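Structure, as structure tokens:
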Amino acid sequence: MAHPDLNELLNALLSMAQMLLTKQGEFLPIGAIMLSDGEIRHVGARIEGEDHAGSQPLIDLLIENFHKEAAKGKLRAAGICYDVLTVPPGKHQKQDAICCSLEHCLGEAVDVFTPYVKMEDGKFQYDEIFAAKRTPQFFRQIHALNSQLLRTGHCASHPETVLLIRQLALCGFHIN
């Protein structure tokens with residue numbers, strides 16, 4: 001991954017997921033956010049009145065909350081971590097993996113997969129990490145605006161460019 005903020009979020013989420021797997025043998029989706037000052041906070045999701053909501057409703061709730069917070073300029077980066085089945089590069093069968101869906105307010109969005117197998121002794125063995133680009137969901141309004149500006153070639157004094165610069169400033173970035 002290119003941005004150091006996403007590496008920090010990945011480390012926070014991956015270590016939490018691995019700890020939960022070791023202790024519980026499974027885990028529900030979890031999130032982490034990076035505030036504009038660089039502080040990382042773990043985030044959980046719970047749906048009122050649902051004891052066993054399932055993974056997808058929890059992922060949807062985290063996405064919705066991250067999108068709202070990003071629109072307010074409160075987040076610099078965010079990630080959701082969940083268990084998936086995937087076919088790792090060079091393999092032909094699906095296997096369990098920890099997936100960390102990570103996004104940065106500057107537009108980088110990536111899914112990072114850590115395949116794993118549970119050994120006979122109950123311990124987990126983790127395989128090589130791989131990644132794939134993803135469509136931004138948390139910072140989609142910033143990404144869409146940035147894409148539009150690049151497509152139309154607006155200059156720095158254009159109102160939409162000024163709006164993008166203000167949004168990035170809310171994310172903790174300052175452009176002179």
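The values are calculated or read from the model by the stated rules, or taken from the named source; none is laboratory data. Note that this is a predicted model, so its numbers are computed, not measured. All Cβ positions, glycine included, derive from the backbone under ideal geometry; neighbour counts span all protein chains shown.
General observations
- Of the residues making up the range 70-85, those that are crowded, with 18+ Cβ neighbours inside 10 Å, under 26 Å from Glu26 (Cβ atoms) and of a type outside the set (A, V, I, L, M) number 3.
- For the range 46-56, the criterion of being in contact (Cβ under 8 Å) with a residue 12 or more places away in the chain and in contact with a Pro (Cβ under 9 Å, 6 or more places away or on another chain) is satisfied by at least one residue.
- Filter result for Asp51 (modelled with pLDDT under 90 and either among the aromatic types (Phe, Trp, Tyr) or more than 30 Å from Asp121 (Cα to Cα) (or both)): yes
- The range 92-114 - residue that is over 17 Å from the mean Cα position of the chain (by Cα) and in contact (Cβ under 8 Å) with a residue 12 or more places away in the chain and, of those, farthest from His42 (Cα to Cα): Gln95
- Among the residues making up the range 105-141, those that are surrounded by 17 or more Cβ atoms within 10 Å (Cβ to Cβ) and touching an Asp or Glu at 6+ places or on another chain (Cβ under 6 Å) are Ala109, Pro115, Tyr116, Pro136, Phe138, Phe139.
- Of the candidates Lys23, Lys91, Lys74, the single residue that is basic (Lys, Arg) and modelled with pLDDT under 90 is Lys74.
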